[in-house]
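Reviewing the structure listed below.
Values in this text are rule-based calculations from the coordinates and carry no lab data. If you're wondering where the values come from, they're calculated on a predicted model, not measured in any experiment. When we count neighbours, we look across all protein chains shown, and the Cβ atoms used for this are built from the backbone with ideal geometry, even at glycine.
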Amino acid sequence: SYVTITAHFIDDRWKMNAYVLQTRAMHESHTGAHMAEVSTTAAEALKRNQMMLNLPHHKLITDVAVRWNSAYEMLSRFLEQQPAICAALLSPEVRKSVSDICTLTEMEISNAEQVVQALKPMLVATNVMCEEKTPTVSVIAPLHTQLLSDMSSTAKDSPLVKELKNAIFQDLSKRYNSSEKSNLYISSALDPRFKSLLFLTPDEMNETFAKVVTKAAALQEAADLMDNRFQSTPPPDQEGSTMSAAEGKIDYTEPGEDLFTVHSPKRTEQEMKRYQEAPALPLTEDPLEWWKSQAHGYHLLSKLAQRYLCVPGTSVSTERMFSTAGDIISAQRSLLTSKHVDQLLFLKKNMHI
């Protein structure tokens, strides 16, 4: 098996970029999913009954431990194809080859329907987080809050659904420590879709905006300090001049004068105030396009937004890359070295540069 390292950033045109940096062989065991095999006879019977019952010609799906939402997709596909499945299992050709055929009871089918309904918010959340062209890290905090609400059991829920929701709720409640939450809140604040931070308490909201102001001002001050160092240090060919390199680094500001007056936190606060007063972006819009058109009015905040919004919220980019790896690493190419696999994947995924 292999492990791949990717890099993600937002360029000057406010476009998300993802590149493959390196792929290396990993010799430790890697968990794989066991795919169930369906006999040719049963598969043909299923296709025939799908046509007779005017059902979509879809294949059945099995649950895969390492694949998101596969349990939901398996149950959903079964419910869709249930009439054809039952007819196929009762067909003479199938019963002739298999004597002990297990089918679900009406209660079990009802339970499957309830589970699918209860898991629907998780499917939606996963699909949202699988996006690669728009920021996803800023979606985590509001989505997490929404899922906690959706997974809160109600009096109308059956015992099975309550048990399912409680298990998911307990697991979600343990996610993210205070430091991680702080970074997620800042990311959401810098996304014009979620900048109202309605999923936070008033105190958490004010604290998050204060952190954004502090970080944006500090980022600009660090950039100014670096510029001042370059400007105050003479080039190498001036080493023989009357001013030495050490003299060039002397701070000539008056006592009590702030070197970063032009980019003080006060300016950041002004930008934040205008940013909060601006209309929120609809959820269907691209926040990077908004920043691209508005960056000139938020010089300090836009720099911070580039740093935070480029972080991928999931490992989807890397996992999708392994689909490409599957086309490269095959039984016919078993002699490929890990070095050549690294080079081939690098070229394949970065050839558009």
note = Between the alpha carbon centres of region 90-169 and region 265-310 the gap in Å comes to 37 Å
Region 123-151 residues near the modelled Ser173 label - backbone nitrogen below 14 Å, point 7 Å along Cα→Cβ = 148-151
key: Backbone N within region 50-65 under 14 Å of label point (7 Å from Gln82 Cα along the Cβ vector)   = none
inquiry  = Please compare each pair in Lys303/Lys349; Lys211/Lys303; Lys211/Lys273; Lys133/Lys195; Lys174/Lys273 to a cut-off of 23 Å on the Cα-Cα distance and tell me which ones are over it.
reply    = Lys303/Lys349; Lys174/Lys273
task = Work through the residues other than Glu113 whose Cβ is under 15 Å from its Cβ and net out their charges, Lys, Arg +1 and Asp, Glu -1.
result = -2
query = For the pair Phe346 and Leu90, how long in nm is the line joining their label points, each one 7 Å along Cα→Cβ?
reply = 6.1 nm
query = Distance in nm between label sites at Lys133 and Ser338, each 7 Å beyond Cα in the beta-carbon direction?
reply = 3.6 nm
message = Below 8 Å, C-alpha to C-alpha, sequence gap of six or more: please give me the relative contact order for region 47-196 in percent.
response = 19 percent
ask   = Between Arg307 and Lys266, what FRET efficiency comes out of the Förster formula 1/(1 + (r/R0)^6) with R0 = 25 Å and r the beta carbon distance, rounded to 0.05?
value = 0.70
